[in-house]
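These notes are about the structure you will find just below.
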Amino acid sequence: MRDVLSRYDQTGKVAVITGAGSGIGRATALTLAAVGATVVCADIDEAAAQTTAEEIRSDGGTAGVVRTDVTKRAEIDALVDGAASEHGRVDIMGNVAGVPHNKMVVDVTDDEFERILAINLKSVMYGCQAAMRVMVPQGSGNIVNVSSGAIDTPAPTLACYAMTKAAVAMLTKTLSVEAGPAGIRVNALAPGIIETNFSAQHFTTADGTVDQERLEGYRSRFGSMAPLGRVGEAQDIADAILYLVSDAASFMTGQILRPNGGVAMPW
Ligand SMILES: NC(=O)c1ccc[n+]([C@@H]2O[C@H](COP(=O)([O-])OP(=O)(O)OC[C@H]3O[C@@H](n4cnc5c(N)ncnc54)[C@H](O)[C@@H]3O)[C@@H](O)[C@H]2O)c1
């Protein structure tokens, strides 16, 4: 039993997580720290990342914070290079930060299109490149990219978002082929509907207060789309990320894991 559990142990590992201030990134940072990893929490919202890091430290873990705008290559390079020089290595790169976008194709402006490409796609490319520069000489590492269940089911208004996430999935697969011989695994998640700030538009008022009635409506409307009958929690995805970066997944690379309650079941 101890052997099985030890495959999940991340003691001595260094993880860089983008989007660590909220939702899936926050839950991932807390989860990896709980099993021993030193976590570098990156987010454009520095105060939120700080809160995550403080929670890790108050639980006895080790965490730092780097304010990072993932759309800026130089900031991602500084994040990853800084983690490597401060901690001696980077074992896990979690490219989690991302934003929603809802517009019919005919209504999308150039500015919006560029913005969503930058936050959801270019950032992941930058994160993968920066991580590879450190991991290849190390001869080991795990990269996890967050794609989305939006790649499985075309839906109105989701074109830009789903295109970026489909590209993230293809980047993941292609990089896994290039990185495997260097001892580096690259996987992605395609989460279903997860209750985080990302989906808050469905259940908060203009001042950010949660509207309980709309929250219940969101849960039942989106939950009923899944055979498991519920929306997901950030922890559901963090647990899947822990699996992917752990030795329990040592034969997994180039895979798109789908913690989605069964909403979509592609081969
Ligand atoms: N929540 C869902 O239903 C869902 C489903 C599938 C995929 N996803 C994906 O999961 C990832 C995390 O989403 P979440 O649900 O945790 O959302 P969230 O809004 O709770 O967290 C996203 C975090 O990313 C940060 N961020 C945004 N822009 C940034 C930038 N330019 N630089 C650095 N940080 C930035 C935000 O400050 C925030 O802390 C995203 O990539 C999202 O597309 C979410």
Can you work out the FRET efficiency for the pair Leu228 and Asp111, with r the C-beta to C-beta distance and R0 = 51 Å, to the nearest 0.05? 0.85
Whole-angstrom gap from region 145-213 to region 63-85, using each part's C-alpha centre: 21 Å
Among 138-151, 240-253, 214-227, how do they line up by average Cβ neighbours within 10 Å per residue, starting with the highest? 138-151, 240-253, 214-227
Return the percentage of antiparallel bridges among DSSP beta bridges fully within the chain, rounded to the nearest 5 %. 5 percent
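Give Lys72/Lys165; Lys122/Lys165; Lys13/Lys72 a once-over and call out the pairs whose C-alpha atoms are over 22 Å from each other.
Correct reply: Lys13/Lys72.
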Taking the Cα atoms of the chain, report the difference between the largest and smallest coordinate on each principal axis, in whole Å and largest first. 46, 39, 38
Points 7 angstrom from Cα along the Cβ direction at Ser85 and Glu213: gap in nanometres? 5.6 nm
Thr205 and Glu46 label points (each 7 Å along its Cα→Cβ direction) are spaced in nm at 3.3 nm
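Readers should treat all values here as calculations from the given coordinates under stated rules, not as data from a laboratory. In this text the structure is predicted, and so the values were computed from the model without any measurement. For neighbour counting, all protein chains shown are included, and Cβ atoms are generated from backbone atoms with ideal geometry for every residue, glycine included.
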